[in-house]
Amino acid sequence: MPDICLYAQVHQPFRLRRYRLFDIGTGLDYFDEEANARILRRVAAKCYRPANRLLADLIRRSDGRFKLALSLSGTLIEQLALYSPETLESFQELVDTGGVEILGETYYHSLAGLADREEFLEQVARHRRLVERTFARRPYVFRNTELIYWDDLAPTVLAMGFRGMLVEGADQVMAGRSANQVYAATTAPSLRLMPRNYPLSDDVGFRFSERSWGEWPLTAPKYADWLHGATGESVNLFLDYETFGEHQWAETGIFEFLGHLPHECLRRGLRFVQPSDLARRRPAGPLSYPNPTSWADQERDTSAWLGNRLQDTAHERLYRLGRALRALGDQALLEQWRRLTTSDHVYYMCTKWFADGDVHKYFSPYDSPYDAFVAFMNVLEDLEQRVGADLPILLAR
Amino acid sequence: MFGWEFPPYQAGGLATATVGLVKGLIRVGIEVTLVVPFPVTESPIAGLKLLGSDQHSGQLTVHRVASPLMPYGGVLEYEGSRRSALGARHSVYGGDLFGEVERFAGLAAEIAAREPHDVIDAHDWIAFAAGLRARAVSGKPLIAHIHAIEFDRTGGDGNPEIARREQAGLRAADRVVSNSYRLRDLCVERYQTDPGKFDVVHWGIDDGTGSDEPAIGSSPLGPDTPVVLFLGRVTSQKGPDYFLEMAAKTARFVPAAHFVVAGSGDMLPFLIHRSAELGIADRVHFTGGLGGADLERVYRMADVCVMPSRSEPFGLVALESLLNGTPCIMPKQAGVAEVIQNAFKVDSWDLDAMTDKVVAILKYPGLRDELSERGRHEVSLPRFTLDEPARLTGASYRQALTMSA
């Protein structure tokens, strides 16, 4: 009988305005404060606060036997502090129950791991400081943006002091091996890899309210039976936190499901563990990820963010400018730039689902991926102009 | 079927749409008898046979009734068209547009009496009278096929008599086929038509147009010159004046850009004058109306096709442009915007937004290529072939038949 490792990602980006050609050079702020505040407050009311309350209650009632892990991006924590301090307190109260492990990640939920190793180190360090300041906890396990991982990243993550890392249990990587085991990174054997059990995770994350699904409605006893019937070291259920109340509305019964799940698991003899518990276990063997692998889509690769010419063009220009800004050392401009590294900005430019007219598959503040690209490029143009005459020299370095 | 435009007598997209519909209907096994008025001044055998000559080609019968009715004009345009017809020939035409519509309807009724048919399909108000008269003669159900209403053509109430006739035709019809949800809603709202009898059928495009072959001949402006295209009737409805204002703004950011206005219409003299005023006359090219290979060529030499229409009930130009691999900027309110994803959609009055998109396409090859490839792929999907609108139109016919049985 495996243990259960439940983890949820909490993130919101700083969305851009529909920044136009004619806004360049006018000093207009890049970020849509009104929209960001509105969306954050909506999600806080529908998801964060009710889920936090419920989880805190479940942890207390289980005498600590129910526990989980969360990671909160830096941009989310900033927005909570700005637009909904009471929700930030609610997260702090949840962590204070002692049943929540906080994981490390890039502050800006960025693709820096893929693009710029120096920037990656900086963003992870910033996130660690923010978590220590906000929750008085030090992260020991790392999860990269969208679970993106490949062999090349392991030594860097280990060198930053992390003991383990969450990864996607993608079929092409597992090649028949079980995702319900702890593995060792081939390029840094003392770093533990914990693969996500994607079928069981997606049963909750995607299929929970899908009436055409043969297993609908999914109840806590039924799901606990499935977990109980699984084999291996631990079933790793990794989800978006917004699953609870935002992706799956309260009306679907998702909170009732979550409310009953710990008890149903515990009475079947299942135990809850956290990523740092798993990181101390003996690995079942080495696991190699030759190519960047993520938890997104069928492809489980990085094509949702870097899969077309719009994204490649924007990404390349963004990180080129970043190196120039670091050389320049202007902290105010760097801060603006770092908010642009949030992966959501290139995600909005994804066209792969758009081709077949399936526009409802993802959420975007823009009318189309093309509009997302134009606004983003206009912002980069403005930022480059703000660097001024030194830019060509800095870019040439 | 009572239409009005049919090649080679073509002024705008309706001829293309009618050809497409007729082709598709025949392909899905529906026989079509088409009755169209055509302007004598443009005919090689102008106006000599007054009741039209019957031309049979396969399953399609085209009856051409000699008449100066023009599809897009209002009362004033009719006067001009009639006078030029009168200049060349003696006339038996009615003295005004509505008289002419009635005369067409009378002739159409005669044809309806002798041509066997199961349903009557009449395109827009100018053919509604013909459709109603035909129904009175044959007792077969009438489908009002609506492509645009007076509100679209004039941007306001327009001619009250035309509006009255639109309303009468729509309300009397057994079913209405509309080319967009927006037009359906407009008809329901402005003419209090029963929404329950509407079928929305978005247009498709002939898969024969837009080949994989490169267009014949290179761009006369040179291969590296950025080209922005306007294609359509040069009339207020299509917003060619917006196009010029956008061109002037774009030229500030991309001085090398050239602008092509392909089409003819009453605003041409104004536009030529205005392009000089804006200081871009050296970069604006007026080609007049284009057809055939020239049409394909002008799409392919363009980096982007802009549709700044004040009103665009459907917007076939967008499908043609995308099929030729040319990215498109279309009005948010266009019917085509309801079905196409891989294009920019803007408010036509929002010149800054339009300029923003045009400059981005000219500046970033990645954006242009992505739009080009994805757009072309999208219009190549089965739903945009001629068969799909024909199948849906056929379903509307059958519905009308069932209800009248």
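Read-outs: derived from the displayed coordinates by stated rules, not from any lab. This is a predicted model, so every value here is computed, not measured. Don't worry about glycine lacking a Cβ; one is built from the backbone with ideal geometry, like all the others, and counts go over all protein chains shown.
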query: What is the fewest-to-most order of B:252, B:135, A:17 by other Cβ atoms lying within 10 Å of their Cβ?
result: B:252, A:17, B:135
query: Nearest 20 debye, what's the magnitude of the dipole of segment B:273-315 about its Cα centre given +1 on Lys and Arg Cβ and -1 on Asp and Glu Cβ?
result: 40
message: Please compute the average number of Cβ atoms from other chains found within 10 Å of each residue's Cβ in peptide A:10-22.
response: 2
- line: Among B:32, B:226, A:94, the residue whose Cα sits farthest towards the positive end of the charge dipole of the protein assembly as shown, when +1 is placed on the Cβ of each Lys and Arg and -1 on the Cβ of each Asp and Glu, is A:94
- request: Just the ratio, please: alpha-carbon radius of gyration of segment A:51-174 over 2.2 N^0.38 Å, N its number of residues.
  value: 1.12
query: When Cβ neighbours within 10 Å are restricted to other protein chains, what is their mean count per residue of peptide B:356-366?
result: 5
- prompt: How high is the FRET efficiency from residue B:405 to residue B:26, r the C-beta distance, R0 35 Å, rounded to 0.05?
  reply: 0.90
field: Net charge of neighbours whose Cβ lies under 15 Å from the Cβ of residue A:188, counting Lys and Arg as +1 and Asp and Glu as -1
entry: +1
task: Run through the DSSP bridge list for segment A:157-199 and note the antiparallel percent, rounded to the nearest 5.
output: 40
- line: Long-range share for chain A, i.e. C-alpha pairs more than 42 Å apart as a percent of all pairs, stands at 10
message: Rounded to the nearest angstrom and ordered from largest down, what semi-axes does the equivalent ellipsoid of segment A:237-362 get from its C-alpha gyration tensor (root of 5λ)?
response: 36, 23, 18
message: Within 10 Å of each Cβ in B:336-342, how many Cβ atoms from other chains are there, averaged over the peptide?
response: 3
message: In whole Hz and in residue order, list the ³J(HN,Hα) couplings for segment B:309-322 that follow from phi through the Karplus curve 6.51 cos²θ - 1.76 cosθ + 1.60, θ = phi - 60°; x for Gly and Pro.
response: 4, 5, 9, 9, x, 10, x, 4, 3, 4, 5, 4, 4, 5
- line: For the pair residue B:381 and residue A:177, the simple spin-label estimate (label points 7 Å beyond Cα toward Cβ) gives in nm 4.0
query: Pairs A:67/A:352; A:352/B:357; A:352/B:249; A:352/B:197; A:352/B:238; B:140/B:332: which exceed 26 Å Cα-Cα?
result: A:67/A:352; A:352/B:249; A:352/B:197; A:352/B:238; B:140/B:332
message: Projecting each Cα onto the charge dipole of the protein assembly as shown (Lys/Arg +1, Asp/Glu -1 at the beta carbon, about the Cα centre), which of B:237, B:335, A:179 comes out farthest on the positive side?
response: A:179
- request: Pull up all non-local amide H partners of residue A:273: gap of 5 or more, or a different chain, and H-to-H distance under 5 Å with H placed in the peptide plane.
  value: A:4, A:5, A:6
- prompt: Which ³J(HN,Hα) values in Hz, rounded to whole numbers, follow from the phi angles of segment A:141-157 under the Karplus curve 6.51 cos²θ - 1.76 cosθ + 1.60, where θ = phi - 60° and Gly and Pro get x?
  reply: 10, 10, 9, 7, 2, 6, 6, 5, 8, 8, 3, 4, 7, 4, x, 5, 5
statement: Taking every other residue with Cβ under 12 Å from the Cβ of residue B:262 and scoring Lys and Arg +1, Asp and Glu -1, one gets 0
field: Environment charge of residue B:391, counting only residues whose C-beta is closer than 14 Å and scoring Lys/Arg +1, Asp/Glu -1
entry: +1
field: For segment A:55-111, projected area of the alpha-carbon convex hull averaged over all directions, nm²
entry: 4.0
Simple spin-label estimate for residue A:250 and residue B:206 in nanometres, 7 Å along Cα-Cβ: 5.9
field: Size of electric dipole in the protein assembly as shown: Cβ of Lys, Arg +1 and of Asp, Glu -1, about Cα centre, debye, nearest 20
entry: 1200
- line: Taking segment A:1-107, the whole-percent share of alpha-carbon pairs separated by over 24 angstrom is 35
- request: Starting with the highest mean, order B:239-251, A:133-145, A:282-294 by the number of other Cβ atoms within 10 Å, averaged over the residues of each peptide.
  value: B:239-251, A:133-145, A:282-294
query: With no solvent and one point per C-alpha, what does the Debye sum give as log10 I(q)/I(0) for the protein assembly as shown at q = 0.06 Å⁻¹?
result: -0.51
- line: Neighbour-count ranking for A:193, B:278, A:40 (other C-beta within 10 angstrom, fewest to most) reads B:278, A:40, A:193
query: How do B:191, A:48 line up, fewest other C-beta atoms within 10 Å first?
result: B:191, A:48
message: Using the Karplus curve 6.51 cos²θ - 1.76 cosθ + 1.60 with θ = phi - 60°, what ³J(HN,Hα) values do you get for each residue of segment B:103-111, in whole Hz, with x for Gly and Pro?
response: 5, 4, 4, x, 5, 4, 5, 4, 5
- request: Quick one: which residues, 5+ away or cross-chain, put their amide H under 5 Å from the amide H of residue A:168? H built at 1.01 Å from N.
  value: A:196
Residue A:89 versus residue A:390: modelled label distance in nm, points set 7 Å from Cα along the beta carbon direction: 4.3
task: Give me the number: length gained by fully extending residue A:280 to residue A:38, i.e. 0.36 nm times residue separation minus the C-alpha to C-alpha distance, one decimal in nm.
output: 83.0 nm
Ordering of A:87-100, B:308-321 by packing [mean C-beta count within 10 Å, highest first]: B:308-321, A:87-100
- prompt: How much length is gained on full extension from residue A:81 to residue A:316, taking 0.36 nm per residue of separation minus their Cα-Cα distance?
  reply: 81.5 nm
- request: Just name one of A:231, A:40, A:349: the one whose Cα is farthest towards the positive end of the charge dipole of chain A (beta-carbon charges, Lys/Arg +1, Asp/Glu -1).
  value: A:231
message: Looking only at the protein assembly as shown, where both bridge partners belong to it, what percent of the DSSP beta bridges are antiparallel (to the nearest 5)?
response: 15
